[in-house]
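Nothing in this text is a laboratory measurement; each read-out follows from the coordinates by a stated rule. Predicted model only: the values in this text are computed from it and were never measured. Note that each Cβ is placed from the backbone with ideal geometry, even for glycine, and that neighbours are counted across all protein chains shown.
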Amino acid sequence: MTNAVEQLTLNEKLNLIKTRARLLGFRRHDLEDAVQEVMLDVLEFKYELEKSNGATETTALTTVIDRKLISMQRVTRRYAGLIERATDQMAANHQGYFDGPCSIDQTGEYRVASAEIESALADLDDESKQVCRLLMDGLSTKGIAEALDMSWHRADRHVALIRERLEEAGISHFDAE
């Protein structure tokens, strides 16, 4: 009894990759990337009849393709999980930022939500108000100085003035966050 060795052409291998990718749920826009990744493994694959345990080349190649495609899906899920965890962490770190003491109205202007904070900062000059807005955006003193084209010391004086006004009104930096 002799087994004829099956030889798949490159085009047949390509069609097998596409078919397996579709069956495993790859979308049309991901198909080209999947084919490129898997084709490298397919080209390196050498079918050996003696080691095949009776499997045809198509069956052995299907296993190679499926393993690579499943590995690609696992990497994609891990990456998506990483992005989701990072997004959740960022949201937790900035919780209350948009709904906190300041918000942006329909015109894009910052509005103070708390009456105490509003009254404490009401008599600031325009430059100090700009510094306050940049503080709310999360900029450091150095970042504020660069954004407003002023010295670090001048920006620091504005920040100190804002802190002083809030402390005079009985608002700690924890209340203002």
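Tell me, in nm to one decimal, what length is gained between A122 and A55 on full extension, where the rule is 0.36 nm per residue of separation less the Cα-Cα distance?
Values: separation 67, 0.36 × 67 = 24.12 nm, distance 8.09 nm.
Gain on stretching A122 to A55: 16.0 nm.
Once you order the gyration tensor axes a ≥ b ≥ c over the Cα atoms, which shape class does region 10-93 get: rounded for a/c under 1.5, otherwise prolate or oblate by comparing a/b with b/c? Show your work: numbers first, answer last.
On the way: a/c = 3.56, a/b = 2.43, b/c = 1.46.
It is prolate, given that a/c is not under 1.5 and a/b is the larger ratio.
For region 1-61, trypsin sites (Lys or Arg not before Pro) are listed when DSSP marks them as loop and at most 16 other Cβ atoms sit within 10 Å of their Cβ; the list is R27, K46.
Here the label points at D156 and A80, each 7 Å from Cα along the C-beta direction, are separated by 4.9 nm in the simple model.
Bridgeable lysines around K46 (alpha carbons under 16 Å apart, same-chain partners fewer than 8 residues away excluded): K13, K68.
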